[in-house]
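The values are calculated or read from the model by the stated rules, or taken from the named source; none is laboratory data. Computed from a predicted structure; not experimentally measured. Cβ coordinates were reconstructed from backbone atoms using ideal geometry, including for glycine residues, and neighbour counts include every protein chain displayed.
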């Protein structure tokens, strides 16, 4: 069984708008609808679970119905933090699905992943047990502890930007979360599933991603994605 758990738990007003960014319009469709369609249209994905802030669950369900997301198997209420919300989504899926299912954890505001990247994630989990999408760094990255002076300049050829999906066996990633949750500091500094696994010493296998796999965070991101969607439409005829 291959599943997607899509995190769309934000409830804050972002980018100067009046609604959370997963509901913003992107080329005539809500961002969330475009993200869910990535998995709806992929032949290897069997089901989709969504995590949403309780206040916005009806709206998320309406979007899924209105855009023919037939693979949606349920919507879990999010928690107070991103990792808490993802954990709730994983546990919700585990109540309904086999523990050895492949699960792709994905951002609800990351709507431009190619089918090939989704396939590569599934195949990597089947072979290695984990899969984290990445792209190479094309700009110089520096380390600064005070934000004023450069403390180190890592070699760019050794640096990568981690994105999503981040994929695992369902029971395995839940067990990893529970080990992190049992620590006195809990989810402190746990920014994603790759960090959770690396912190626990779990090997993380990297999968090349596609350029343009942008997480909507700023108004400029929407402009970039609008252009990419139009370009893809022209390229596909």
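Do we have any residue at all in the stretch 99-109 that's farther than 30 Å from residue 203 by Cβ and buried (at least 18 other Cβ atoms within 10 Å of the Cβ)? No; the residues of the stretch 99-109 include none that is farther than 30 Å from residue 203 by Cβ and buried (at least 18 other Cβ atoms within 10 Å of the Cβ).
The residues on offer are 133, 119, and the sole one that is assigned to a helix (DSSP H, G or I) and either under 22 Å from residue 203 (Cβ atoms) or free of Cβ contacts under 8 Å to residues at least 12 places away in the same chain (or both) is 119. For the residues 143, 170, the requirement of being loosely packed, with under 14 Cβ neighbours inside 10 Å and in contact with a strand residue (DSSP E or B) (Cβ under 7 Å, 6 or more places away or on another chain) singles out 143.
Of these, 89, 66, which one is modelled with pLDDT of 95 or more, surrounded by 15 or more Cβ atoms within 10 Å (Cβ to Cβ) and out of contact with any helix residue (DSSP H, G or I) (no Cβ under 7 Å at 6 or more places or on another chain)? Exactly one residue qualifies, and that residue is 89.
Among the residues of the stretch 107-124, the ones that are closer than 16 Å to residue 169 by Cβ and within 16 Å of the chain's Cα centre (by Cα) come to 2 in all.
Among the residues of the stretch 159-177, those that are under 22 Å from residue 101 (Cα atoms) and out of contact with any helix residue (DSSP H, G or I) (no Cβ under 8 Å at 6 or more places or on another chain) comprise 163, 164, 172, 175.
Kindly evaluate residue 156 against the criterion of being out of contact with any strand residue (DSSP E or B) (no Cβ under 9 Å at 6 or more places or on another chain) and surrounded by fewer than 22 Cβ atoms within 10 Å (Cβ to Cβ). Taking the combined requirement at face value, the residue does not satisfy it. For the stretch 195-212, check the following and say yes or no: at least one residue is without any contact (Cβ under 8 Å) to a residue 60 or more places away in the chain, touching a helix residue (DSSP H, G or I) at 6+ places or on another chain (Cβ under 8 Å), at positive phi and surrounded by fewer than 13 Cβ atoms within 10 Å (Cβ to Cβ). Within the stretch 195-212, none of the residues are without any contact (Cβ under 8 Å) to a residue 60 or more places away in the chain, touching a helix residue (DSSP H, G or I) at 6+ places or on another chain (Cβ under 8 Å), at positive phi and surrounded by fewer than 13 Cβ atoms within 10 Å (Cβ to Cβ).
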